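Student: Here it is, the structure, as structure tokens.
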Amino acid sequence: MKLCLVLVLMLAGVASGAIEKRIVGGKSCKQQRQYHVQIEAVQGGAFCGGSLINTRWVLTASHCAEQLVKVRLGLNSDTSIFSKVKSFFKGSDKKNEQLIKKDQQFTFKDEEEHLHDIMLIKLNEDASPKLATIKLPPAGCSRPEVGQQVEVGGWGAKTADVTKAKSPSSLKCASTDIIACGENDKPDSKYSSDETTTMCAFKPGVESCFGDAGTAVEYQDLLHGIIVSKPVDNCAKMIVMQDICHYREWIDKTMMEHS
């Protein structure tokens, strides 16, 4: 009996696929952000978050992929340990971990063919309809105004010094405030951006770290942004985000063209 219990617990850990990272200054998300997706480059070098927006599509930052990646779904779901073990034995847990090739990744390009740091990933097969998704704001929406509070989250490094960071035990959530972006607050230089595409947020003690990029920025329970800050040695005190409202029509068009 004891051996069986140990086996169940070990398989539950495998099924959950939990990698312990987080956003600095946050607290456990508990049952929030069940739509959260983990994205990891198979060849190494990239580790990010993303958002399941329907059973077939994930929204994230472009720099999180653009190569063969492993996508893990349902890591923060409220599924019981025994349900996860049951799925593991039935093989259905494989749906929650998919290898996605580059031809199923779609980065936004503007009229001048410049890349932006926002990407749609099409899953190989539909995720379970039992998994939570996050709603997008309606077409024609407006971004949160300066001074508005937004919710961020992630599994990024726990401390500012990534080399000494310890692993937290759960996805972390935090509130921060929209502020005006500075001249140097923008995505990686590989990607085009300006004041119409980029938002910024700051709150003392709340920072994004390696591993938090691609995760959702929530405003009024809708997906209004994705984190594109790309810190390396230290966490980013200023959180830089792509404004989903700017890309709203592109999101619908891309999913329709590749359905």
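Student: Given a Förster distance of 25 Å, report the FRET efficiency between Ser259 and Thr196 from their Cβ-Cβ distance, rounded to the nearest 0.05.
Tutor: Rounded to the nearest 0.05, the efficiency is 0.35.
Student: Can you tell me the length gained on complete extension of the stretch Cys141 to Ser128, counting 0.36 nm per residue apart and subtracting the Cα distance?
Tutor: Net length gain for the segment: 1.8 nm.
Student: Further, regarding this structure: Going by average Cβ neighbours within 10 Å, how do the peptides 138-150, 234-246 rank, with the highest at the top?
Tutor: Ranked by mean Cβ neighbours within 10 Å, highest first: 234-246, 138-150.
Student: Moving to a separate point now. Taking a threshold of 31 Å on the Cα-Cα distance, which of the pairs Lys130/Lys186; Lys101/Lys172; Lys27/Lys253; Lys30/Lys109; Lys27/Lys135; Lys95/Lys186 fall above it?
Tutor: Violating the 31 Å limit, Cα to Cα: Lys130/Lys186; Lys27/Lys253; Lys30/Lys109; Lys95/Lys186.
Student: Also, I was wondering about something else. Can you list residues whose amide H is under 5 Å from Asp243's amide H, if they're 5+ apart or on another chain and H is modeled 1.01 Å from N?
Tutor: Thr198, Met199
Student: Using a Förster radius of 35 Å, what is the FRET efficiency between Leu68 and Gln148 based on their Cβ-Cβ separation? Nearest 0.05, please.
Tutor: The formula returns an efficiency of 0.40 here.
Student: So how do 127-135, 216-224 stack up, highest first, on mean other-Cβ count within 10 Å?
Tutor: In descending order of packing, they fall as 216-224, 127-135.
Throughout, read-outs are computed from the coordinates displayed, never taken from laboratory work. Note that this is a predicted model, so its numbers are computed, not measured. Here Cβ is always computed from backbone atoms with ideal geometry, including for glycine, and neighbour counts include all displayed protein chains.
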